[in-house]
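Participant: Below are the C-alpha cells for one structure; questions will follow.
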Amino acid sequence: MKILIVDDHFVFREGIHLLLKQYNPVFEIAEASNGREALSLLKTRPVDVILMDSEMPEMNGTECLKELKQSEYSDIPVIMLTMHDQLNHMMQAYDLGANGYLTKDSSIKEVVLAIETVTLGEEYYAAAIRTPFLKELSKREHTFFDKTNKLTVREIEVLQMICREFSTEEIASTLFVSPLTINNHRRSLISKTGAKNVAGLVTYAIRNGLFVIE
C-alpha cells in the first residue's frame, strides 16, 4: 500500500507516518506539505491513497482535491482530514468527490480502516463526525434524476440488493463487509437520491433503470 500524507504541520505528518509504519511496516509512505507539492510529487511517485488536510498554505486541500478529481489522478481515493467543527470543509470536499473523512484525533486503527475502506471503492465517515455530516447531507434538496451519476458501483450493488429485499445482514455477508458499512451506504443512497425511505430508493432504482422487476 502506497500512502501520501499531505499536511502543512511537520509534526503531524511525521506522527501519522510513524504510526502507520508501526501498524504495518510494509506501508510505503510519502509526505507533502501542501496541495501543490502533492500534485508535483504524484508525477514521479504513484500512490494508492491520499490523506489530505483541508487547510494548508499555497494550495489547500479543497483546491488540490478539485484538481486531482479533474486530472489523470482522479481514480486515487482521497481521505480528507478535518476538525470536528469544519463541517463546511467536509461538504465542499463531498461535492468535489472526496472518498473519506477523518478527524485529526482519529485513532490509528480508524485511519487504517478508512484507508482499507476507500481503496475498496467505498466511502468512509469518521465515527466522531458521521452523524452531523449525514444530517447535513440529508438537508440538501435533491430531485430523483439529478444524482444518478454520483452513485458508486458499490452503492448501486447495495441498492439492487435492497430492491431484492435483502436484509442489512444479508447484504453485509454477501459483500463481505460489516452491517455498519451497509447502513452507511443506505444513508448515502438516501442522501444522494433524495429518497425518504427504502420505498423511495426502490422507486428511484426502477425509474433510473438500475433495477428491473422480473
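Participant: Could you give me the residue pairs with C-beta distances under 6 Å whose first residue belongs to region 99-127 and is in the same structural domain as Glu14 (by TED's automatic domain parsing), whose second residue is modelled with pLDDT under 90 and of a type in the set (Lys, Arg) wherever it lies, and which are 6+ apart or on separate chains?
Facilitator: Listed pairs, sorted by first residue: Gly121/Arg154; Glu122/Arg154.
Participant: Would a scan of region 44-57 turn up a residue that is closer than 26 Å to Lys192 by Cα, buried (at least 16 other Cβ atoms within 10 Å of the Cβ), assigned by TED's automatic domain parsing to the domain that holds Glu110 and at pLDDT below 90?
Facilitator: yes
Participant: Can you name every residue in region 1-43 that is surrounded by fewer than 21 Cβ atoms within 10 Å (Cβ to Cβ) and of a type in the set (Asp, Glu)?
Facilitator: Answer for region 1-43, where residues must be surrounded by fewer than 21 Cβ atoms within 10 Å (Cβ to Cβ) and of a type in the set (Asp, Glu): Asp8, Glu14, Glu28, Glu31, Glu37.
Participant: Identify all residues within region 113-132 that are β-branched (Val, Ile, Thr) and either farther than 17 Å from Tyr23 by Cα or more than 13 Å from the chain's Cα centre (by Cα) (or both); write none if there are none.
Facilitator: Residues satisfying the conditions are Val118, Thr119, Ile129, Thr131.
Participant: Here's another thing I want to ask about it. What is the residue count in region 67-81 for residues that are over 13 Å from the mean Cα position of the chain (by Cα) and crowded, with 18+ Cβ neighbours inside 10 Å?
Facilitator: Result for region 67-81: 1.
Participant: Filter region 189-201 for residues that are among the aliphatic types (A, V, I, L, M) and under 24 Å from the mean Cα position of the chain (by Cα) and give the result.
Facilitator: If we filter region 189-201 for residues that are among the aliphatic types (A, V, I, L, M), which is where we start, we get 189-190, 195, 198-199, 201.
Once the filter is applied, which keeps residues that are among the aliphatic types (A, V, I, L, M) and under 24 Å from the mean Cα position of the chain (by Cα), region 189-201 yields Leu189, Ile190, Ala195, Val198, Leu201.
Participant: Go through region 84-106 and give me each residue that's surrounded by 14 or more Cβ atoms within 10 Å (Cβ to Cβ), in a loop (DSSP other than H, G, I, E, B) and on the phi < 0 side of the Ramachandran plot.
Facilitator: Gln86, Ala98, Asn99, Lys104, Ser106 - these are the residues of region 84-106 that are surrounded by 14 or more Cβ atoms within 10 Å (Cβ to Cβ), in a loop (DSSP other than H, G, I, E, B) and on the phi < 0 side of the Ramachandran plot.
Participant: Quick check, is Gly15 more than 18 Å from Thr117 (Cα to Cα), among the small types (Gly, Ala, Ser) and in contact with a Gly (Cβ under 8 Å, 6 or more places away or on another chain)?
Facilitator: Taking the combined requirement at face value, the residue does not satisfy it.
Participant: Kindly establish whether Val158 is at pLDDT below 85 and either touching a Gly at 6+ places or on another chain (Cβ under 6 Å) or not assigned by TED's automatic domain parsing to the domain that holds Gly97 (or both). Show your work before the answer.
Facilitator: Values: at pLDDT below 85: no; either touching a Gly at 6+ places or on another chain (Cβ under 6 Å) or not assigned by TED's automatic domain parsing to the domain that holds Gly97 (or both): yes.
For Val158, the condition - at pLDDT below 85 and either touching a Gly at 6+ places or on another chain (Cβ under 6 Å) or not assigned by TED's automatic domain parsing to the domain that holds Gly97 (or both) - is not met.
Participant: Something else: Suppose the filter is β-branched (Val, Ile, Thr), modelled with pLDDT of 80 or more and either closer than 30 Å to His89 by Cβ or surrounded by fewer than 19 Cβ atoms within 10 Å (Cβ to Cβ) (or both); does Thr181 pass it?
Facilitator: Criteria met by Thr181.
Participant: Would you check if Leu19 is in contact with a strand residue (DSSP E or B) (Cβ under 6 Å, 6 or more places away or on another chain) and of a type outside the set (Phe, Trp, Tyr)?
Facilitator: In short, no.
Participant: Please verify whether Glu170 is acidic (Asp, Glu), more than 23 Å from Ile115 (Cβ to Cβ), at pLDDT 90 or above and out of contact with any strand residue (DSSP E or B) (no Cβ under 7 Å at 6 or more places or on another chain), treating the condition exactly as stated.
Facilitator: When the stated conditions are applied, Glu170 passes them.
The values are calculated or read from the model by the stated rules, or taken from the named source; none is laboratory data. Predicted model only: the values in this text are computed from it and were never measured. As a convention, Cβ positions derive from the backbone with ideal geometry for all residues, glycine included, and neighbour counts pool all protein chains shown.
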